[in-house]
Amino acid sequence: MGDRGNVVVVERDHPEQGLTGRVYLYAHWGGWGLPETLQRALARRQRWGDGSYLARIIFCEMVRGHEAGELGFGISATLRDHEYPLLVVDPAGQSVSLEEEPRWYPGQRDKLGPGPHRWTFDAYCALDLAGRGWCVLCPETYGPAGEEDAGHGEADGTECGR
């Protein structure tokens, strides 16, 4: 049981260089709300160009209200369990993108659908994610026509498949 998701912060020395490392910020119960959580962290507009500080800012937003807890969140150099595409934060490139997660079981289908799946930090902060983050980022999968848990209704009566 859970609602697992990950934010991945990539570290590069310069935008023109390849990846040199990744930090995985894991939420066991907060996967559905992770797009909004990331948006709140980025909306602070602090340390956008500094991966280590930005990773801490994002993680603090993820654990807000649960700082002393033993369960529910983690930090790792490798991918942990997940149920949603990976939210990839690239401080050097000032962008957020989605990556299809590795397949955990045979027959698992892609969740991304057609793009775009990359936003500048400013564009990501401007998205209207309130209560429906994954529906905005991956509408083919989580939107009204999505196959997974279709019928997840919002308070305003709009449908957002989950």
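Filter the range 69-81 down to residues that are among the hydroxyl-bearing types (Ser, Thr, Tyr) and not in a loop (DSSP other than H, G, I, E, B), then give me how many there are. Before you say what the answer is, go through the steps one by one.
From the range 69-81, those among the hydroxyl-bearing types (Ser, Thr, Tyr) are 76, 78; that's our starting set.
Next cut, not in a loop (DSSP other than H, G, I, E, B) only: 76.
Matching residues across the range 69-81 total 1.
Filter the range 131-154 for residues that are modelled with pLDDT of 75 or more and out of contact with any helix residue (DSSP H, G or I) (no Cβ under 7 Å at 6 or more places or on another chain) and give the result. Lay out the reasoning, then the answer.
Residues of the range 131-154 modelled with pLDDT of 75 or more: 131-142.
Result: GLY131, ARG132, VAL136, CYS138, PRO139, GLU140, THR141.
Out of all the residues in the range 76-89, is one or more within 19 Å of CYS125 (Cβ to Cβ), small (Gly, Ala, Ser) and at pLDDT below 95?
No, the range 76-89 contains no residue that is within 19 Å of CYS125 (Cβ to Cβ), small (Gly, Ala, Ser) and at pLDDT below 95.
Check VAL96 against each of (1) assigned to a loop (DSSP other than H, G, I, E, B); (2) surrounded by 14 or more Cβ atoms within 10 Å (Cβ to Cβ) and name the one condition it does not meet.
So the condition that VAL96 fails would be (1).
So how many residues does the range 18-68 have that are assigned to a loop (DSSP other than H, G, I, E, B), within 25 Å of TYR142 (Cβ to Cβ) and of a type in the set (A, V, I, L, M, F, W, C)?
Here the count works out to 2.
Residue check, TYR105 against (1) exposed (fewer than 14 other Cβ atoms within 10 Å of the Cβ); (2) within 26 Å of GLU140 (Cα to Cα); (3) modelled with pLDDT of 95 or more, all met but one. Which one?
If we test TYR105 against (1) exposed (fewer than 14 other Cβ atoms within 10 Å of the Cβ); (2) within 26 Å of GLU140 (Cα to Cα); (3) modelled with pLDDT of 95 or more, just (3) comes out false.
Under 7 Å between Cβ atoms, at least 6 apart or on separate chains: pull out the pairs that start in the range 43-55 with a residue that is touching a residue at least 12 places away in the same chain (Cβ under 8 Å) and end on any residue that is among the polar types (S, T, N, Q).
From the range 43-55, the pairs are TRP48/GLN94.
The values are calculated or read from the model by the stated rules, or taken from the named source; none is laboratory data. Everything numeric here is computed off the predicted structure, so don't read it as measured data. Backbone-built Cβ (ideal geometry, glycine too); neighbour counts: all protein chains shown.
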